[in-house]
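Q: Got a structure for you, written out below as structure tokens; questions coming shortly.
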């Protein structure tokens, strides 16, 4: 299994980096103040949030599987490295899970705003 180690490490590092980058992207999305956005801009933010959640879910799963493979490939040869990788991955997993929750809340808030806008438009139409 040792001959496969560089490949497994490389794939794990790639997944880790993609997940880390997507977390940074997601943090920018949740900073959006939707109160000052048009309905079209809100839809765009909601779409970006959904895509980000999907990417986070996908790469969290991929990183977990690859980390398991790496731990198996390392075996008992380098327990300090294995523990270091597990700690780094767990920290990233926690950030990803927390961000997915925040993104979902943002999507729900946009949906509520959209429903409110539609209701207000209907009411103003009926009143006129």
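The values are calculated or read from the model by the stated rules, or taken from the named source; none is laboratory data. Owing to the predicted nature of the structure, the values given are computational and were not obtained by experimental measurement. Here Cβ is always computed from backbone atoms with ideal geometry, including for glycine, and neighbour counts include all displayed protein chains.
Q: Within segment 103-119, is there a residue that is closer than 30 Å to residue 74 by Cα, modelled with pLDDT of 90 or more and crowded, with 16+ Cβ neighbours inside 10 Å?
A: no
Q: Please determine whether any residue of segment 35-56 is touching a helix residue (DSSP H, G or I) at 6+ places or on another chain (Cβ under 7 Å), outside any helix (DSSP H, G or I) and free of Cβ contacts under 8 Å to residues at least 24 places away in the same chain.
A: Yes - at least one qualifying residue is present in segment 35-56.
Q: Which residue is modelled with the lowest pLDDT, if the candidates are limited to segment 35-60 and must be over 17 Å from the mean Cα position of the chain (by Cα) and surrounded by 15 or more Cβ atoms within 10 Å (Cβ to Cβ)?
A: Filtering segment 35-60 for residues that are over 17 Å from the mean Cα position of the chain (by Cα) and surrounded by 15 or more Cβ atoms within 10 Å (Cβ to Cβ), the one modelled with the lowest pLDDT comes out as 37.
Q: Take the conditions surrounded by 16 or more Cβ atoms within 10 Å (Cβ to Cβ), within 9 Å of the chain's Cα centre (by Cα) and assigned to a helix (DSSP H, G or I) and apply them to residue 29. Does it pass?
A: no
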